[in-house]
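First comes the structure, then the notes that go with it.
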Amino acid sequence: MINLSEQLIKDIIGQGVDTFFGVQGGACARLIENIIKFNGKFIPVLNEQSAGYYAHGYYMATKKTAGLIFTTGPGLTNGVSGIAACYYDRVPLVTLVGQVPKRINLADLTKTRMVGFQEVPHLKICKPISDEVYKIKSIETYSSKRNKILSNLKSKVQCIEILDDSQREKLKKKFKVFKEIKKKENNIKINDSIKKLIKNSNNPVILLGAGFINEIDWLSSLKDLNKLNIKIACTWGGQKIQKHIDEKNKNFIGIFGNHNPGYANENIKQSDLIISLGCSLLQHQVGKIHDNFAPLAKIIFINNDKNECSRAKIQFKKRLINLNMPASSFVKKILNLRKKKNKLLKINKKKNILPVEFLTNLLKKSKKDSIFFSDAGATLSWTYQASNNLKNAPNISTAFNLHSMGYANCAAIGASIKKNNVYCIIGDGSLPMNNQELAWSKKYPIKIVVINNNGYGIIRQTQRMFYKSKFYGSDFKNKKSALPKFNLKKMLEQYEIKTKIINNKNYSNDLRWLIKSKQSSALILNIDYNFEVNT
Ligand SMILES: Cc1ncc(C[n+]2csc(CCOP(=O)(O)OP(=O)(O)O)c2C)c(N)n1
């Protein structure tokens, strides 16, 4: 008979979760042995923090859940940011963490800090950043949780702690083959007042978010929405719809949000009805003051998560109607409602600064089906502004909600395990955060663009606005608190990444070189220290 750790891994791999990221350790070595035994893949990352970012990128590129494997104590505590990145973006994930054996797993019981070596309360730490947490301390506990764990693999962020001695427990009888239970279709009715709002509004805008594109049938919903003849904008999390927009489609007005000044935001300001499909309408989308977002509009808020529905109601009060249902069911019920023509606004296009112009060209010229990951700070906003310059830009992902530095190079490598032409766009401030992972870029090639403005550009922008330009800890020259100097080119070349530096606007040859490169390559774009993101 097999033991419990073998059963757990066999079950998870059996459900198609066959790729795991993590770092070795005494309490998880057995789990890793079993991953290999059952033909899964274990990719040993170099710092647990990046494991969740790899899994995030892997999911963004493939829509497949990955697993994380951590040892007790520092293994798990290091891994927290990566788990959080997945949790806040609803990227399904299963984290497996070892724990000391039962007889010394006593810190909780004795109300002391630690009894076993590296005994840390993993589940207490992970509970707020997971949909579900489980302590597996016997065959019985696994047996009672097994259906739930396996049913949730494709949709939830789960953390499973398994005690060292339970991993070794031998099964006395075989588990039954797991069968997934199908969820019931949601059948909420759309009442007449909602239909009337849609029929009679003069200037409606549909907003599509990550929740919309996470639904299986989102492409057919998008086709249906085009028949409605209503303007469509997307959030950063819904950016993937851009690739599916016809060049001639006038209804698509671009990406909206706090860092995306332009056409979509202007239209939303004047709209009298917002139909939000799978968006969260959180601060980075609507700003800090809810009354200022689409001030003239009623809001129909469609979301799969009932807690998000109640939260949005509290924030937008009377003018928001919430419906807890999938976007696709809502779309089916409102087809053929609108005959009115759209009012399209005219606005003057702003001139692009160098990073936005460069990134626009990169997105435009990159090969079809390229996948982009952008990191944090001004670099991220400029990436989205570049994508907003194009009608059908390629897919761009980021750690949308956690916004963690050092995400994009890890996520890009995670995606490169299965896909070609994967790009990482990252600031010079963020590259050092997880640069050790670049060691993997030899096996899993990525194309890197470093936007170099000598430090943390977006932080200096905040410091300029609110702290009288004291750039403590955000550049390399402040006398009282400067960042330590490092050499970007050498950092990249240390990992055998071919690297070129761009100092001016004549970058077209270098851009072509990056797009064509087969092995990992990088361009460092040196830009003005003072460039800002206009909001
Ligand atoms: C892990 C983490 N630490 C700190 C921050 C706060 N933060 C946001 S952007 C940023 C600076 C990013 O600098 P860089 O990557 O060079 O981008 P730039 O703004 O210069 O384009 C900092 C420190 C963060 N988002 N994530």
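The values are calculated or read from the model by the stated rules, or taken from the named source; none is laboratory data. These numbers were taken from a predicted model, which means no experiment stands behind them. A quick note on method: Cβ atoms are made from the backbone with ideal geometry, for glycine too, and the neighbour counts reach across all protein chains shown.
Overview of results
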quantity: Any hit, segment 18-34, residues being small (Gly, Ala, Ser), touching an Asp or Glu at 6+ places or on another chain (Cβ under 8 Å), under 28 Å from Ile396 (Cα atoms) and surrounded by 22 or more Cβ atoms within 10 Å (Cβ to Cβ); calculated: yes
quantity: Listing of strands (runs of 3 or more DSSP E) fully contained in segment 445-527 that carry 2 or more residues being under 26 Å from the mean Cα position of the chain (by Cα); calculated: 447-452, 521-526
quantity: Sole exception among (1) free of Cβ contacts under 8 Å to residues at least 12 places away in the same chain; (2) part of a helix (DSSP H, G or I); (3) surrounded by fewer than 18 Cβ atoms within 10 Å (Cβ to Cβ) for Lys288, by number; calculated: (2)
quantity: Residue that is hydroxyl-bearing (Ser, Thr, Tyr), touching a Pro at 6+ places or on another chain (Cβ under 9 Å) and not assigned by TED's automatic domain parsing to the domain that holds Leu438, where the choices are Thr65, Thr72, Thr95; calculated: Thr65
quantity: Hits in segment 194-232 - residues which are surrounded by fewer than 17 Cβ atoms within 10 Å (Cβ to Cβ) and of a type in the set (Val, Ile, Thr); calculated: Ile216
quantity: Residues of segment 32-45 satisfying the condition of being farther than 19 Å from Glu437 by Cβ, assigned to a helix (DSSP H, G or I) and under 27 Å from the mean Cα position of the chain (by Cα); calculated: Ile35
quantity: Residue list for segment 262-279, filter: under 21 Å from Gln385 (Cβ atoms) and aliphatic (A, V, I, L, M); calculated: Ala264, Ile268
quantity: Total residues in segment 366-397, condition within 19 Å of Phe252 (Cβ to Cβ) and in contact (Cβ under 8 Å) with a residue 60 or more places away in the chain; calculated: 11
quantity: All positions within segment 438-447 that are in contact with a helix residue (DSSP H, G or I) (Cβ under 7 Å, 6 or more places away or on another chain) and surrounded by fewer than 24 Cβ atoms within 10 Å (Cβ to Cβ); calculated: Tyr444, Pro445
quantity: Total residues in segment 299-321, condition charged (D, E, K, R) and assigned to a loop (DSSP other than H, G, I, E, B); calculated: 1
quantity: Residue within segment 322-331 that is within 16 Å of the ligand (Cβ to nearest atom) and either more than 28 Å from Pro261 (Cβ to Cβ) or not in a helix (DSSP H, G or I) (or both) present; calculated: no
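Condition check ((1) charged (D, E, K, R); (2) exposed (fewer than 14 other Cβ atoms within 10 Å of the Cβ); (3) within 21 Å of Asn526 (Cβ to Cβ)) across all residues:
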residue: Asn303; (1), (2), (3): no, no, no
residue: Leu335; (1), (2), (3): no, yes, no
residue: Ile353; (1), (2), (3): no, no, yes
residue: Ala386; (1), (2), (3): no, no, yes
